[in-house]
Amino acid sequence: MKPNSKTNHSRGFTLLELIIVISIMAILVSIAVPNFSNAIKQSREAVLRQNLFTLRKLISEYNIDKQKRPQSLDDLKGQYFKEIPVDPITRHADWTADQCAEDEIASPDQQDEGGICDVHSSSAQIGTEGIPYNQY
């Protein structure tokens with residue numbers, strides 16, 4: 001019996017089929033990557049807002065408990081939280097602390113001491129809403 005050359009088909013993808021599949025995959029990746037990076041940025045902003053809320057709340061609690069403002073964020077360590085939270089934008093615990101103006105001091109006893117009234121991110125990058133992170 002002779003081997004039939006018509007039944008001996010080679011199987012596999014042609015070069016054109018491979019190029020089309022790779023092109024489709026590249027288009028899908030180019031659509032997915034910006035959405036993924038935007039989602040990461042939005043999640044970091046949410047963590048930043050939560051960390052700022054927590055720090056501001058602890059500054060207020062410290063002020064109520066001690067009847068004075070904290071002189072640094074390190075004053076909050078121990079009794080109020082174990083470690084200073086990390087700024088998710090800069091990825092360091094390098095917050096910008098605003099010192100109290102005279103009219104922001106809660107009692108006359110605090111006028112000589114001053115202290116921290118507010119905290120912000122140290123990053124000057126612009127957020128997804130068009131507001132710099134250091135103004136959150």
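Readers should treat all values here as calculations from the given coordinates under stated rules, not as data from a laboratory. Predicted, not measured: the structure shown is a model, and the values here were computed from it. Backbone-built Cβ (ideal geometry, glycine too); neighbour counts: all protein chains shown.
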**Fill in**
For region 17-135, the Cα convex hull volume per residue in Å³ comes to 112
**Message:** Need one number: nm distance between label points at residue 129 and residue 46, each 7 Å from Cα along Cα→Cβ, rounded to one decimal.
**Reply:** 1.5
**Fill in**
Of all lysine pairs in region 17-135 that are eight or more residues apart or on different chains, those with Cα atoms under 18 Å apart total 6
